[in-house]
């Protein structure tokens, strides 16, 4: 039996999640997450020291996001995105379909080497600039940024911070990771591309005007580009050394920002003002909500069920777990779902391929809903700043076509390569 306290905790978490997804009265997502977290403390469902400790668990995520947002903002102001957009349009040679493929390939590389959150924060403004330069409908290309951010997010451990959460201290070496996830990742990336290409075929049946000349990149813009490449190297190095990614990303972003502003002799205030700081309290609120759920008796019970199932039928359990976590990530957001899944799977000591299926569900599942992952929420924030709007129903309609086949083929590929 679930106690009254446990039921109240889950009800508050559900209401807060609904607020993040539906955004009643157009209030920002972070308000609902923080309100739910505050209710847990005010109603004494979660002791305030535990709430503070839970918010503190997100420190590495906060550092990572701030570093990436600083890089993106300073690059945008120095015209790097406009320059990259012009290059993409030039290489498309008048074809909207080729431009779409270029955006998809670049999005895959950015996700793999810089993480899915970087794709949302860094690539989306560049793609929007490219669509303006090409004078085409922006949404088909902007959808690429959202969907590839999740589809390519388990190629490497650094491709999604959730990967580090799900595996925790049981993170496999890079060679074993690639052996397990290379084929499932390829299945997700290719299937997602084909689904997007099919659904956007009418919008892509057009031509792209040629660009005669491209203004050279400024010295500060070149420095911003070098900073992004340097950050990719820092992330790969930190991952290889099994280090947290947040602080190195923050340091890299801060150094690049200071150098660029010094060279161009600009005040830091415009950059700091335009950073989407609201994402930080959103993440903190989600961490606190998960801690509240951890205080209930539901998760230990779920861990026992998962352990028994993985012993009795490990292959079937991996399929069920992967699909269930994928759906739940859309209902709860994959950041808290990743924390819940990590807590449950590690307590249950499930086989590696079951954990792998859970990870695929956490990473790829959010392609169903507009607030399924932190990367997609960041993508939404960037879109709003550019004057674009994507509703939950519009994203869901596309996600229902894109996500399920990619998920099922990825889980099938995982089953093929699993011992």
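What are the residues in the range 205-232 that are under 15 Å from residue 68 (Cβ atoms) and free of Cβ contacts under 8 Å to residues at least 60 places away in the same chain, if any? If the condition is that a residue be under 15 Å from residue 68 (Cβ atoms) and free of Cβ contacts under 8 Å to residues at least 60 places away in the same chain, then 229, 230 are the ones that fit. Among the residues in the range 294-306, are any in a helix (DSSP H, G or I), modelled with pLDDT of 85 or more and more than 21 Å from residue 163 (Cβ to Cβ)? Scanning the range 294-306, I find no residue that is in a helix (DSSP H, G or I), modelled with pLDDT of 85 or more and more than 21 Å from residue 163 (Cβ to Cβ), so the answer is no. The sole residue among 215, 309, 301 that is exposed (fewer than 15 other Cβ atoms within 10 Å of the Cβ), farther than 22 Å from residue 122 by Cβ and more than 27 Å from the chain's Cα centre (by Cα) is 301.
Restricting 258, 283 to those that are within 27 Å of the chain's Cα centre (by Cα) and buried (at least 18 other Cβ atoms within 10 Å of the Cβ) reduces the list to 283. If I go through the range 347-368 residue by residue, how many of them are more than 17 Å from the chain's Cα centre (by Cα), free of Cβ contacts under 8 Å to residues at least 60 places away in the same chain and under 22 Å from residue 182 (Cβ atoms)? Summing the residues that are more than 17 Å from the chain's Cα centre (by Cα), free of Cβ contacts under 8 Å to residues at least 60 places away in the same chain and under 22 Å from residue 182 (Cβ atoms) in the range 347-368 gives 4. Residue by residue through the range 26-61, note down the ones that are over 24 Å from the mean Cα position of the chain (by Cα), assigned to a loop (DSSP other than H, G, I, E, B) and either free of Cβ contacts under 8 Å to residues at least 40 places away in the same chain or under 30 Å from residue 251 (Cβ atoms) (or both). Scanning the range 26-61 gives 43, 44, 47.
Look at residue 13 and say whether it is under 22 Å from the mean Cα position of the chain (by Cα), in a helix (DSSP H, G or I), surrounded by 15 or more Cβ atoms within 10 Å (Cβ to Cβ) and modelled with pLDDT of 85 or more. Answer is no for this residue. Of all residue pairs spaced 6 or more apart or on separate chains, those with beta-carbon atoms under 6 Å, a first member in the range 318-346 that is free of Cβ contacts under 8 Å to residues at least 40 places away in the same chain and a second member that is in a helix (DSSP H, G or I) and surrounded by fewer than 24 Cβ atoms within 10 Å (Cβ to Cβ) are 337/328.
Picking from residues in the range 359-394 that are part of a loop (DSSP other than H, G, I, E, B) and out of contact with any helix residue (DSSP H, G or I) (no Cβ under 8 Å at 6 or more places or on another chain), the one that is nearest to residue 324 (Cα to Cα) is 391.
This table checks each residue for (1) in contact with a helix residue (DSSP H, G or I) (Cβ under 8 Å, 6 or more places away or on another chain); (2) under 18 Å from residue 384 (Cα atoms).
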position	(1), (2)
13	yes, no
16	yes, no
23	yes, yes
32	yes, no
35	yes, no
39	yes, no
42	no, no
52	no, no
55	yes, no
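The values are calculated or read from the model by the stated rules, or taken from the named source; none is laboratory data. Not measured: the values here are computed from a predicted model. Heads up, the Cβs are rebuilt from the backbone with ideal geometry, glycines too, and the neighbour counts pull from every protein chain shown.
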